[in-house]
Amino acid sequence: MRLAWHTGFASTARDHFGGLGSVIMLHRVRPDCISPLGVTRSLSITPAFLEQIIVSLKAEGTEFISMDEVVERVKAGRRPDRRFVAVTLDDGYNDNFYHAYPVFQKYSVPFTVYVAPGFIEGATVLWWEVVESLVAKADFVRIPGGPEWRCGTLFQKRSAFHALMRYFSYTLTEIEQMPVLRELCEAEGIVCGVPQDRDVMSWSELRQINSDPLCTIGGHTVHHYNLKKLTSGMVEQEMRLSADMIEDKLGRRPQHFAFPYGSAKAAGKREAEIAAAEGFQSAVTTRHGTIHVEHSNNLHALPRISINGRFQKLVYAQTMMSGVTTPIANAGRRVIQA
């Protein structure tokens, strides 16, 4: 990516690969980027880096717009004089309120936060962070009636974490995850949850941030389930109930949606069609790509550019938003659709 940018290839090729603009995806924005084993640190960027990206994009003439306007521009089907960036944040971490929101206010940048009410109400937890805390403390992790892992060294702990992530993601059903996680935590004597200062926003904080016209609150299911592992009826229920709960608590029904996990293994054509049928104006995935006029018929499976701790340098963000990395990540395809 450094070579593509510094040789001028990325900026030159942007007209072909960059399309109308980008929807960027963030998760955590916090100064310390705490991660007991260093394995979830990639979900975080610092407020200073967020500010650096915004200042740089504004200086080159990029326009920051809301997801409402993304839909309007894609439907219009023509390339504007200025490329756009829409900022989205998944899961509703409370550092979005305390660290990202002041940056958005400072530069008048619209942003969308995709919220899963189950996190707020305790029906589910940020299980990937709980797994990291569990492995960080344990010397040994054993799944009841299943596999086991030694966690004596840092290498073993990181290996066990990634193995547990695969086990929870692909072996267990979505309904089985929480009971198994609670049993593991009980055996290790830890709380099956995340410390308050690393948790999600409360409804009170969401009401406060939602009162700002810069903010859009979107749906993210209730329980943050992998929707491809559910029946169609369960997918409909997760989408509809999450929108109902957000409307009840915040007074406005969400018009935009983000698929949990968002990869091709978690969201496909069926899920996109259900999101459209449930009345969402757009839905975003985590698949890597920029936004093109061809997405006018694919507004419910939009790709995004992930800005995360693995690529916390301006040159990486600039190169990815130029679109030149899209075909590299997607078997030669310039436009990513469901």
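The values are calculated or read from the model by the stated rules, or taken from the named source; none is laboratory data. Quantities reported herein were computed from a predicted structural model and do not represent experimental measurements. Ideal geometry is used to build each Cβ from the backbone, glycine not excepted, and the neighbour counts take in all protein chains shown. These accessible areas exclude ligands, DNA and RNA; they are computed on the full protein's heavy atoms, side chains included. Shrake-Rupley method; radii C 1.70, N 1.55, O 1.52, S 1.80 Å.
For L89, the residues 5 or more places off, or on other chains, whose built amide H falls under 5 Å of its own are L26, T112, V113, Y114.
In this simple spin-label approximation, R333 and R270 carry label points 7 Å from Cα along the Cα→Cβ vector, and these lie 1.8 nm apart. Build a GNM of the chain with springs between Cα atoms under 10 Å: which of S296, S35, S108 gets the top mean-square fluctuation? Highest fluctuation among the options: S108.
Dipole magnitude for segment 200-338: about 580 debye, using +1 per Lys or Arg Cβ and -1 per Asp or Glu Cβ, origin at the Cα centre.
Straight-line cross-link reach from K228 at under 24 Å between alpha-carbon atoms covers these lysines, not counting any fewer than eight positions away in the same chain: K265, K269. Between S56 and E148, what's the calculated FRET efficiency when r is the beta-carbon distance and R0 is 41 Å? Round to 0.05. With R0 = 41 Å, the Cβ-Cβ based efficiency is 0.30. Using a probe radius of 1.4 angstrom, the carbon and sulfur fraction of the accessible surface of the chain is 51%. Highest mobility in the GNM of the chain, judged by mean-square fluctuation with C-alpha springs under 10 Å and restricted to K229, K313, K106, is found for K106. Please report the antiparallel percentage of the DSSP beta bridges confined to the chain, to the nearest 5. If we restrict to bridges inside the chain, about 15 percent are antiparallel.
Label reach from L314 (point 7 Å along Cα→C-beta): in segment 60-89, amide nitrogens under 18 Å belong to 60-64, 85. Within segment 166-224, none of the GluC sites (Glu not before Pro) combine a DSSP coil assignment with at most 14 other C-beta atoms in a 10 angstrom radius. Annotation: extensible slack from M165 through R82 equals 25.8 nm (criterion: 0.36 nm per residue apart, minus Cα-Cα distance). Within the shell of other residues whose beta carbon sits under 11 angstrom from the beta carbon of A116, the net charge comes to -4, with Lys and Arg scored +1 and Asp and Glu -1.
Note on H162: accessible area approximately 90 square angstrom, rounded to 10, probe 1.4 Å, nucleic acids and ligands left out.
What is the helix-to-structure angle for 67-76, meaning the angle in degrees between its Cα long axis and the longest Cα principal axis of the chain, kept from 0 to 90 and rounded to the nearest 10? Taking the Cα atoms of the chain, the angle to 67-76 is about 50 degrees. Please compute the net charge surrounding I246, taking Lys and Arg as +1 and Asp and Glu as -1 over other residues with Cβ under 15 Å from its Cβ. Every neighbour counted, the sum reads -4.
Among the cysteines of the chain, those with no neighbouring cysteine Cβ under 4.7 Å are C33, C151, C215. How far is helix 127-137 tilted off the main Cα axis of the chain, in degrees rounded to 10, range 0 to 90? Helix 127-137 sits at roughly 50 degrees to that axis. Note on the chain: helix-only mean residue ellipticity at 222 nm, from DSSP H runs of 4+ residues weighted -39500 (n - 2.57) and normalised by residue number, equals -12000 deg cm²/dmol. Accessible surface calculations at 1.4 Å, restricted to protein heavy atoms, place the chain at 42 Å² per residue. If R0 is 35 Å, what FRET efficiency do you get for V293 and D139 from their C-beta distance, rounded to 0.05? For R0 = 35 Å, the calculated efficiency reads 0.05.
Based on Cα atoms of segment 251-338, Rg over Rh with Rh as the Kirkwood radius reads 1.00.
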